[in-house]
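This report concerns only the one structure given below.
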Amino acid sequence: MNAPRPGASRLGSALAFATLTGVSGAAFADAERLETELRSLFGGYGNVEIGDVSSAMLRSRVTAKDFVFESEEGERLLIDSYEVSGDYDSPDEVTLKGVRIEDSLTELMLMSAERIVLGKPSRAVFPLDDSLAPDEVRIGSLAIDGIVIDLASEIAEDMFYGTPFTSSQGRMTIEQVRGQSLAHDGIGMLELTGVAGSGEDLDEFGSGSFTLASLRFEGLTGLDVDGEEQLNSLILRDLAIESDQLVGSLELLDVDGDFSDGQGGVRIEGFHMDLARMIEMAPEDERTQLRMASNVLTDGTGELRLDAAFLGSWKEGSEHSVLVSDSRIELHDALRLMLDINLPVVLPGGMEPADVFADAGSLQAATLLGGDIRLSLANQGLFGRLATLGAAMEGVTEAQYVEQARTQAQGFGMMFGPQVQSVLMGLVELLEGAAEELDISITLPSESNMATYMVDPLGLPDKLSMKVETR
């Protein structure tokens, strides 16, 4: 084995020393920058204290501990540690641990978070003034754990401006917040999980509590331009509210606002309202009328349950396209409503299918090549209860009440034509129990446009082919 050349070990030591010295100098400079930027973060509007600032040379990390800011307005911000990992000018991650905002006079906690992690932020420290241009503020990913918010604080009022939580008294907790691609003009994804709160004066909800399993939205764009906001997807799961104004729950709200793939819409599952409990909490002079309405809608159970879907899709063809809409509403133990639309359409140049779903008014400029619309109404007890209630309020028998409705339907038919009359007579059959379902099928002419129908809505029956059936 060859012996090391003379001076080799001394050269290696010198290189190692030079390398470590360079790293140490850069790390020391980063520590100074972090301390300076944290001290100037609030622009002199209070007093800043930092317990210690240190750097880890081999792991490219600089940490400030025991940060305390006392504002002139009486609020105190405390951060146990503020850690910047990676290149200071382009950090891999910024982590804040033990974040708390307190009232410095009472030492009551206004807001806290166990941990905040910013992945790939555009800066190590974001100034709170307007010194940065909007496009200079970017965060690749966001993770926040263990949030607690005092709803009576000014912080909560700013955060929840325009919501029922503004100017309320109470407390909210959020287990986790996760986000991706956050910028001034849009958010790639943001999700809240494990949300719970209780309070007083929650606007129209009154006083009470709520829980929310998760709320996630994706593809929020246009935030920098009023009126241009668009949302690709929103999913809400397991919301429950119990207050002195509202008692109810919702299993799922699924909004697909991205029609670029040819389909989208809204689904509602497991919507429930406890009308019986809400009536008990209503003013006494309103309870009688509310009970009557509840009995009609719920067959006396006081439990209102609803599922619904409003879905649309777009099928491209060589010469024209087809707009398909499939909507369903089921009010359990009351009625089921189904609406199916199938419209062959030629869009004007420059208009995309997504434009039609985003703004139905844009369909006025399209050419309709016929098509059909089917509306189906199934009675699940509602119409019978309406007849009973109507008869009681009129002081007549149910048979007399139905006969009055039949006479009125015939009168309207004489005014608006036989097609309108057939629809109204179908409703009367549901009312008297002679039928359980009403189907209305409409066929459009071979070529028309939406504006034609909107100019003279009363003349629609003469422009369309309509078939009404009961069974």
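The values are calculated or read from the model by the stated rules, or taken from the named source; none is laboratory data. No experiment lies behind these values; they were computed from the predicted model shown. Glycine gets a Cβ as well: all are built from the backbone with ideal geometry, and neighbour counts include every protein chain shown. Side chains included, ligands, DNA and RNA excluded: accessible areas come from the protein's heavy atoms. Shrake-Rupley method; radii C 1.70, N 1.55, O 1.52, S 1.80 Å.
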Self-check item: Cα centroid separation, region 401-420 to region 87-151 (Å)
Solution: 66
Exercise. Sort region 36-119 into rounded, prolate or oblate with this rule: let a ≥ b ≥ c be the square roots of the eigenvalues of the Cα gyration tensor; rounded if a/c is under 1.5, and if a/c is not under 1.5, prolate when a/b is larger than b/c, oblate otherwise.
Key: prolate
Quiz item: Using the alpha-carbon atoms, what tilt in degrees (0 to 90, nearest 10) does helix 8-39 show relative to the longest principal axis of the chain?
Solution: 50
Quiz item: Packing-wise, with mean Cβ within 10 Å as the measure, how do 395-405, 184-194 rank, highest first?
Solution: 184-194, 395-405
Practice problem: Express the relative contact order of the chain as a whole percentage, based on alpha carbon pairs under 8 Å and six or more residues apart in sequence. | Solution: 6
Self-check item: Centroid-to-centroid separation of region 163-212 and region 361-388 [C-alpha atoms, Å]
Solution: 37
Exercise. Return the sequence-ordered ³J(HN,Hα) values of region 254-262 in whole Hz as given by the Karplus equation 6.51 cos²θ - 1.76 cosθ + 1.60 applied to θ = phi - 60°, using x for Gly and Pro.
Key: 10, 10, 10, x, 9, 9, 5, 8, x
Practice problem: List the lysines whose Cα lies under 24 Å from the Cα of LYS120, skipping any in the same chain that are fewer than 8 positions away. | Solution: LYS65, LYS97
Practice problem: Report, in degrees rounded to the nearest 10, the 0 to 90 angle that the Cα long axis of helix 398-416 makes with the longest principal axis of the chain. | Solution: 90
Quiz item: Taking θ as phi - 60°, what are the ³J(HN,Hα) couplings along region 60-74 by the Karplus curve (6.51, -1.76, 1.60), each to the nearest whole Hz, with x for Gly and Pro?
Solution: 6, 9, 10, 10, 10, 10, 6, 7, 9, 10, 10, 7, 6, 8, x
Quiz item: What's the local net charge at ASP66, with K and R +1, D and E -1, over the other residues with C-beta under 10 Å away?
Solution: -2
Practice problem: Specify which labelled value, from [x] 19; [y] 45; [z] 24, agrees with percent of Cα pairs over 41 Å apart derived from the coordinates of the model shown. | Solution: [y]
Self-check item: Overall form of region 384-438 per C-alpha gyration tensor (a/c, 1.5; a/b vs b/c)
Solution: oblate
Quiz item: Using helices alone, what [θ] at 222 nm do you get for the chain, with -39,500 (n - 2.57) per DSSP H run of 4 or more residues, divided over all residues and rounded to the nearest 500?
Solution: -8000 deg cm²/dmol
Practice problem: Kindly report the accessible area of region 325-471 per residue (heavy atoms of protein chains, probe 1.4 Å, no ligands, DNA or RNA), in Å². | Solution: 53
Practice problem: Would you mind telling me the share, in percent, of accessible area of the chain contributed by carbon and sulfur at probe 1.4 angstrom? | Solution: 54
